[in-house]
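The values are calculated or read from the model by the stated rules, or taken from the named source; none is laboratory data. Since we're looking at a predicted model, the values are computed, not measured. Note that each Cβ is placed from the backbone with ideal geometry, even for glycine, and that neighbours are counted across all protein chains shown. Calculation scope for accessible area: heavy atoms of the full protein, side chains included, ligands and nucleic acids excluded. Shrake-Rupley method; radii C 1.70, N 1.55, O 1.52, S 1.80 Å.
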Amino acid sequence: MKSASKFSRRNFLHYGLAGAGAMALAPTLSALAACSPAPDKKMGIALVGLGGYSNGQLAPALQQTNNCYLAGIVTGTPDKATKWAQQYNIPQKNIYNYQNFDQIVDNKDIDIIYIVLPVALHKEYTIRAAQAGKHVICEKPMALNARDCEDMIAACKKANRMLSIGYRLHFEPHNMEVMRLGQKQVFGKVTQLENANGFVYGGNPNAWRLKKALSGGGALMDMGIYAIQGARYTLGQEPIAVMARQEKTKPDLFKEVDETIYWELEFPGGFKSQGKSSYNNNWSYLKAKTEKGSFELEPAYGYGGIQGKTPNGVMPFPQINQQAAQMDDFARCVLTSKPTRVPGEEGLKDMKVVDAIYRSLVSGKQERIV
Ligand code: NAD
């Protein structure tokens, strides 16, 4: 995996970051290794749910990690177990199904359980994993609603286990730079902020993502969560209220869940940012105006190909394997007993916003985020 230390001097100069500018970037670069130095031991991770994200992203990323490795799997499909065991050299004793999952308590090879299931199952498996004595990474969105997030946080605290949310963009250099530019007001205060995330859903009409009981909601839960995150981490503030409206052009396909939602977040002091999520538009951007120019990311939120511009020029950062960086960081946090930068509390904050957006769709009014 490329590391921050491989950023070239030539690129910094191009970005106008010689001398003092380069010093200003230092917090971003050091944050990439927040939980280092890395100890020798590798943490064993078990993936729960071997669907698209585990198969396409997380298992390949675990081949590139330094502080953790793919130690085990939990699946309800015996054929997948056989295939994964061969492909990733996983011993039979580290393969579980949903019935014998709790026996993982006795497995010394597995330190961290990574929940990669439909949203409705996040709470149950996070709590069971913590009760089995394992640290937990839970995919986004954290749960069906904020109350479930609170239960998950409480269960992990009670079991004295660490809980992290799969917010890979906190480890992605362009997004980290936006956090720095906005929060440190490098170009002055942010005066306008708009961001959006979505794609044109062309998948299975019977998939769990379109069933409210399993997903909790549609594009807002799945994609909009990144835009909510983006606004929060660019400003470094928590929104206090939100007004939202929705649009549905394919009511048959999106019978149970939202298709496109537009929202306006209000922050303390009255600043308002605009966000939107969609299963019917290919959106992935963040655009900020500041007192001294604009900065933006587009695409902003994918697994790769992220690009950014600032008044200093094009951001010179490399594309990294976000999932490998995210999992390595959590493994280091566990190994060194340091807090993760993406704890359960971070997922809870986003779900409070999501809950308020859904309330606003019903009431037609601005809703407080509580
Ligand atoms: P998927 O449908 O491809 O896989 C889901 C897996 O859960 C399947 O293997 C399925 O067999 C299993 N499963 C177990 N019980 C199930 C049940 N009752 N109903 C349906 N499936 C069941 O989904 P995915 O795209 O891998 O998403 C899984 C999680 O990962 C979601 O929370 C999603 O939001 C998240 N995700 C995150 C990212 C990211 O960039 N961080 C990207 C994709 C998905």
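May I ask you to list the residues in region 211-237 that are more than 25 Å from Thr310 (Cα to Cα) and either within 11 Å of the ligand (Cβ to nearest atom) or open to solvent by less than 10 Å² (accessible area, probe 1.4 Å) (or both)?
Across region 211-237, the qualifying residues are Lys211, Ala213, Leu214, Ser215, Gly216, Gly217, Gly218, Ala219, Leu220, Met221, Asp222.
Residues in region 260-271: is at least one farther than 21 Å from Ser215 by Cα and without any contact (Cβ under 8 Å) to a residue 12 or more places away in the chain?
yes
Would you mind stating whether Ile113 is under 18 Å from the mean Cα position of the chain (by Cα) and at pLDDT 95 or above?
Details: under 18 Å from the mean Cα position of the chain (by Cα): yes; at pLDDT 95 or above: yes.
Criteria met by Ile113.
Just checking: which of the strands (runs of 3 or more DSSP E) contained wholly in region 280-335 hold 3 or more residues that are assigned by TED's automatic domain parsing to the domain that holds Tyr15 and open to solvent by 40 Å² or more (accessible area, probe 1.4 Å)?
Those strands (runs of 3 or more DSSP E) span 280-290.
I need a count of the residues in region 136-173 that are more than 16 Å from the ligand (Cβ to nearest atom) and charged (D, E, K, R). So that I can check it myself, show each step before the final result.
Going through region 136-173, the residues more than 16 Å from the ligand (Cβ to nearest atom) turn out to be 146-147, 150-151, 153-162, 173.
When the remaining residues are screened for being charged (D, E, K, R), the result is 147, 150-151, 157-158, 161.
Matching residues across region 136-173 total 6.
Taking Ile95 as the residue in question, decide whether it is touching a helix residue (DSSP H, G or I) at 6+ places or on another chain (Cβ under 6 Å), without any contact (Cβ under 8 Å) to a residue 24 or more places away in the chain and more than 10 Å from the ligand (Cβ to nearest atom).
Against the criterion (touching a helix residue (DSSP H, G or I) at 6+ places or on another chain (Cβ under 6 Å), without any contact (Cβ under 8 Å) to a residue 24 or more places away in the chain and more than 10 Å from the ligand (Cβ to nearest atom)), Ile95 qualifies.
State which residue pairs qualify: first residue closer than 15 Å to Gly51 by Cα and inside region 203-217, second residue among the hydroxyl-bearing types (Ser, Thr, Tyr) in any location, beta carbons under 8 Å apart, and separation of 6 or more residues or different chains.
Trp208/Ser215; Arg209/Tyr201; Arg209/Ser215
If a residue has to be within 25 Å of Glu124 (Cα to Cα) and either free of Cβ contacts under 8 Å to residues at least 24 places away in the same chain or not in a loop (DSSP other than H, G, I, E, B) (or both) to count, how many in region 56-89 make the cut?
Adding up the residues that qualify gives 17.
Report the residue count in region 345-359 for those that are crowded, with 23+ Cβ neighbours inside 10 Å and more than 15 Å from Met223 (Cα to Cα). Give the steps one after another, and end with the answer.
Taking region 345-359 as the starting set, the residues that turn out to be crowded, with 23+ Cβ neighbours inside 10 Å are 347, 350-351, 353-354, 356-357.
Retained after the next criterion (residues that are more than 15 Å from Met223 (Cα to Cα)): 356.
So the answer is 1.
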